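Colleague: Just passing along the structure, written as structure tokens.
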Amino acid sequence: MHIIDRRLNPRGKSLENRQRFLRRAKDAVEQAVKRSLQNRSIRDVLDGGEVTLPIGGMAEPGLHRGGGGIQDRILPGNQKFVEGDFIKRPPASGGGRSSEAGEGDGEDGFRFVLTREEFLNIFLEDLELPDLAKRRLSETEEVTPQRAGFSVSGSPSNIAVGRTTRLAMMRRLALHRPKVEEIEALQKQIDECDNAEERLVLEDRLRTLTLKSKRIPYIDPLDVRYRRFENTPKPVVKAVMFCLMDVSGSMSEHMKDLAKRFYLLLYLFLSQRYEKVEIVFIRHTEKAEEVDEETFFYSPATGGTLVSSALAVMRSIVAARFDPTEWNIYAAQASDGDNSYSDGALTGQLLQQEILPACQYFAYIEVGEEDGDSSMSRSPLWTLYQEIRSAALPLAMRKVCRRNEIFPVFHDLFQKKAAKAGATP
Amino acid sequence: MKTSTRHKEKLLFEGADWDFPTLQRIHDACEDIALGELGLDVYPNQIEVITSEQMLDAYSSTGMPLFYRHWSFGKHFAHHEAFYRRGMRDLAYEIVINSSPCISYLMEENTATMQTLVIAHAAFGHNHFFKNNYLFKLWTDAEGILDYLDFAKSYISRCEERYGEVAVERTLDAAHALMSHGVHRYAGKTQVDLRQEEKRLQERRAHEEKIFNDLWRTVPVGLKRNKSDRDLEHRRAALGLPQDNILYFLEKSAPRLHPWQREILRIVRHVAQYFHPQRQTKVMNEGTATYVHYNIMQRLHERGQLSDGNHFEFLKSHTNVVFQPMYDDRRFSGFNPYALGFAMMQDIERIVTEPTGEDRDWFPDIAGRGDPMAVLRDIWANYRDESFVSQFLSPSLMRRWRMFQLHDDPEVQEGILVSAIHDERGYRRIRRQLSRDYDIGHTDPAIEIVDVDLAGDRRLLLQHRATNDEFLEEEDLKLVLQHLADLWSYDVLLEELDSKESVVRKHVAHPRTSSRQSEFA
């Protein structure tokens, strides 16, 4: 008989197999993520920390029976039946069968758990922000020094005086360095002393004290502390996202819901790409106002429709707070397409001359009723925007009626290659 | 006082710790009982101590020490590991390989008692079974298997270098999907010799390389067509239809496979064939090993080589292993092969030594023969689960386990019929049915290749005879047929016949064009 100790054999013999498996799994996960988002509400993605996915493409199929037909089984443990008894079938037919089949395929529950980050990375992987020119320019990040405690070395200009003296004092106290007053008092005593013998004693003590105070310096190099700075990169890339929504009476809850989904996706997407994303919510009826998120989505409002008012507010906010040379400006507008007839010219002018030149991207989403048709009749706004649209302008427009259309539309708008051609519907 | 110290000297070990000399002592003591008292006949033993991670490795490649690379083994590893890490499942105590020498893996975490149990169970129980059972003798080549797997591993990795990982993986995926239909069920040919197998391939390759002459490519092939027309009749016969070994058929007859793909199919087929006897002897194999370890451990204790405490520890593990939950227990998941096998072995021992009148009626050949080991050795050598149950499941055991039969006919409205219980009328019926449940010829779907339309579009025709109108699971079937079509390179049609022999379902698969052009062309 041989006994062989294999414990020190190279570990991870199946490493290669595991890597192959992960490589294969990655594709499957990517597909599953894409598919899952079609039905998943966006809230879930925002709230949920983890996303769990069953793996379909990892199956190892084999030929086996699917149940049904006439079944005979032998079981142990009969306490009460006699031949000829009938047992009611369990509600899900073939329950007994499934436990038998369970022997071989315990892998139904094989799942991947992705964190939200991983999920979003995969989810948004093949999307690209259109026109990243500004971002590229400012990719050299600004570095600002930030206080980060103390260190024992550094440049003289950074000496932390308070900290140094505190440490020096602690040391002096601990080592019993004679105080200056003490020595001065002794000196005085010597000066006043008449007795020669006593004077010798005192002088001796003075010598000891002076020696000690020389040995224990007032400030030792050990005490010195410097202020420490860490260089923190500060992203210069700043993005702001304007959400413009028509909240006039003609906008139904369903339409608002569609719009909201689009904004959420855009926000998710931008926050993946930028360190910090500001959001500005502007709602408008016949007049526009900047509101907070809660009001924007949930507070009811009624009135007519003047799209130019929203654009005007956006323009003034940009002028006041978001200098286009520093900020990447994205805007998403959702509307049912209504606009006052008289407002058309002004809207067009504002958009073309003020808003679009400042924007990286302007997406217009025309929302419709759930039972509506994507190719619904041309609305005033749609017609107007279509006239403005040209290949040179960062304007994209789409029509959406159903919830499950949101993601494909979004995906469409931000597809990598379509970055420049974003303006074609 | 004196006796107790002498007693201590006899002990193989104390406490739970063990080292390599201990393992040697344990093995020798077990060997003494196994060969001397039980009369077992085993391959030489090789015991390998491994860590739990290595155990997981071994697990995920179907227990083989060296295996070709494939993502599915990585998947199984991840799966087992997840369960193990979460504490939801224990690792097996041992893995044993049907090879000569017979390799048993022992986990380093085991206590000394557990190592003794494992050595008794695997190194002697399973080992004896592998060496003596007729199915293993017929279908497996214990001397050659490790060399063959080594060859398979390097062959497949050479293929990966030459033809790309993707192409090899695709072929392997397809072969794995058909693996359960890649075995010869009936012995018709000579005994397998895996070493010859490897040599044969090397020689063929060397020959091909020697005679390779690029000029042959340029020779016009006009005449060939005519010849193939004449050969058509001949070829149909040569295809050997009908054929239930699908992998074998593809390897020999799929028109557009590369030689290396045929060789991969062959490798997968050999592996499937190697494991085929294990599938047919689960109850017997585990029952034998459990019976052997139980007897060895009892004897070690009787001889004073195992302390009371350690014996108690053994009994606890043993009881867990042979625990059989009843049908209404939440833990019930069919018959536990260890429990049923062990119970039947013990029952046979009882029949041989202290038979009742009933036993004499039922088992006239063995009742009261008086030498249980001789009877059992004979049984271990000459039966498989199906025949074992149908011959030796005794009324007394059926009563003890309170077995009953359920007959579920979807047509019957009242529900599931209790068609037999453990009484005079039921014994034979229960035994017949249980034996059928262990007959893989009966439990595996019966699928055959019945025809190839050689003159026309070369469509492959398969038939599944659904016993009791139980049809194939469709989701998986689709995937498997796709793989089959990819290998065959032309359309594949599978018909399902009900119990009245009429076709009720048809499934078609077309080869994926991409694979047809790039991988299989």
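Colleague: Measuring with a 1.4 Å probe in the full set of protein chains, what accessible area per residue, in whole Å², belongs to chain B?
Modeller: Here the per-residue accessible area is 46 Å².
Colleague: Okay, next question. With a cut-off of 8 Å between alpha carbons and a minimum separation of six or more residues, what is the relative contact order of the range B:240-324 in percent? If you can, show how the numbers build up before the last one.
Modeller: Values: 22 pairs, mean separation 13.4, N = 85.
It rounds to 16 percent for the range B:240-324.
Colleague: Right, here's the next one. I'd like the orientation of helix B:282-302 relative to chain B: the angle between its Cα long axis and the longest Cα principal axis, in ° from 0 to 90, rounded to 10.
Modeller: For helix B:282-302, the angle is close to 30 degrees.
Colleague: Could you report the buried accessible area between B and A, both sides summed, computed with a 1.4 Å probe and given in Å² to the nearest 100?
Modeller: Buried surface at the B/A interface: approximately 7100 Å².
Colleague: For the pair A:Q272 and B:R25, how long in nm is the line joining their label points, each one 7 Å along Cα→Cβ?
Modeller: According to this spin-label approximation, the distance is 6.5 nm.
Colleague: Let me ask another. Calculate the radius of gyration of the Cα atoms of chain B to one decimal place, then report Dmax, the largest Cα-Cα distance, as a whole number, both in Å.
Modeller: Over chain B's Cα set, Rg and Dmax evaluate to 26.6, 98 Å.
Colleague: Also: I need the calculated FRET efficiency for the pair B:S333 and A:I388, taking r as the beta carbon distance and R₀ as 51 Å, to the nearest 0.05.
Modeller: E between B:S333 and A:I388, to the nearest 0.05, is 0.15.
Colleague: What shape does the range A:169-284 take by its C-alpha gyration tensor, where a ≥ b ≥ c are the square roots of the eigenvalues and a/c under 1.5 counts as rounded, a/b above b/c as prolate, and the rest as oblate?
Modeller: prolate
Colleague: What shape does the range B:39-135 take by its C-alpha gyration tensor, where a ≥ b ≥ c are the square roots of the eigenvalues and a/c under 1.5 counts as rounded, a/b above b/c as prolate, and the rest as oblate?
Modeller: oblate
Colleague: If we count GluC sites (Glu not before Pro) as exposed when they sit in a DSSP loop and have at most 16 other beta carbons within 10 Å, what is the longest stretch of chain B that avoids them all?
Modeller: That gives B:144-410 as the longest site-free run.
Colleague: What is the gain in length, in nm to one decimal, between B:D214 and B:A16 on full extension, counting 0.36 nm per residue of separation less the C-alpha to C-alpha distance?
Modeller: 64.4 nm
Colleague: Please report Rg (one decimal) and Dmax (integer) in Å for the Cα set of the range A:248-390.
Modeller: For the range A:248-390, the Cα-based Rg and Dmax read 14.8, 43 Å.
Colleague: Applying 1/(1 + (r/R0)^6) with R0 = 56 Å to the Cβ-Cβ distance of B:Y186 and A:N404, what FRET efficiency is obtained, to the nearest 0.05?
Modeller: That gives a FRET efficiency of 0.55.
Colleague: So, one more: Net charge near B:L472, counting Lys/Arg +1 and Asp/Glu -1 over other residues with Cβ under 9 Å of its Cβ?
Modeller: Net charge around B:L472: -3.
Colleague: As an exercise, identify the trypsin sites (Lys or Arg not before Pro) in the range B:434-506 lying in DSSP coil whose Cβ has no more than 12 other Cβ atoms within 10 Å.
Modeller: B:K500
Colleague: Moving on to the next point. Within 11 Å, Cβ to Cβ, of B:A120, how many net charges do the neighbouring residues add up to if Lys/Arg are +1 and Asp/Glu are -1?
Modeller: For residues surrounding B:A120, the net value is -1.
Colleague: Could you tell me the calculated FRET efficiency between B:L35 and B:L138, based on Cβ-Cβ distance and R0 = 25 angstrom, to the nearest 0.05?
Modeller: Calculated transfer efficiency: 0.55.
Colleague: Still on this structure, please answer the following. If I model a spin label as a point 7 Å beyond the Cα along the Cα-Cβ vector, how far apart are those points for A:E253 and B:D308 in nm?
Modeller: 7.7
Colleague: A further question on this structure: What is the list of residues in the range B:460-482 whose amide nitrogen lies under 17 Å from a point 7 angstrom out from the Cα of B:A446, following Cα to Cβ?
Modeller: Taking a point 7 Å out along Cα→Cβ of B:A446, the residues of the range B:460-482 whose backbone N falls under 17 Å are B:462-472.
Colleague: Relative contact order of chain B: what whole-number percent is it, with Cα pairs under 8 angstrom and at least 6 residues apart?
Modeller: Normalised by residue count, the contact order of chain B is 14 percent.
Colleague: Next up: In bins 10 Å wide, starting from 0, what share of all Cα pairs of the range A:237-304 does each bin hold, as a percent?
Modeller: 21, 50, 24, 6
Colleague: Turning to a different aspect of this structure: Can you give the accessible area per residue of the range A:241-336, in Å², using a 1.4 Å probe?
Modeller: Ligands and nucleic acids excluded, the figure is 37 Å² per residue.
Colleague: Moving on to the next point. Quick one: with all protein chains in place, what share of the accessible area of the range B:248-393 is carbon or sulfur, to the nearest percent (1.4 Å probe)?
Modeller: So the carbon and sulfur contribution to the accessible surface is 46 percent.
Colleague: Also, quick follow-up: Which of rounded, prolate or oblate describes the range B:371-494 when judged by the alpha-carbon gyration tensor and an a/c cut-off of 1.5?
Modeller: oblate
Colleague: Report the local net charge at B:L35: Lys and Arg +1, Asp and Glu -1, summed over other residues whose C-beta lies under 13 Å from its C-beta.
Modeller: Counting the neighbours of B:L35, the net charge comes to -2.
Colleague: What is the gain in length, in nm to one decimal, between A:R207 and A:D194 on full extension, counting 0.36 nm per residue of separation less the C-alpha to C-alpha distance?
Modeller: Gain in length upon complete extension: 2.8 nm.
Colleague: Points 7 angstrom from Cα along the Cβ direction at A:S316 and B:K500: gap in nanometres?
Modeller: With each label placed 7 Å out from Cα toward Cβ, I get 8.4 nm.
The values are calculated or read from the model by the stated rules, or taken from the named source; none is laboratory data. Since the structure is predicted, the reported quantities are computational estimates derived from the model, not experimental observations. Positions of Cβ are backbone-derived with ideal geometry, glycine not excepted, and every protein chain shown enters the neighbour counts. SASA here: full protein model, heavy atoms, side chains in, ligands and nucleic acids out. Shrake-Rupley method; radii C 1.70, N 1.55, O 1.52, S 1.80 Å.
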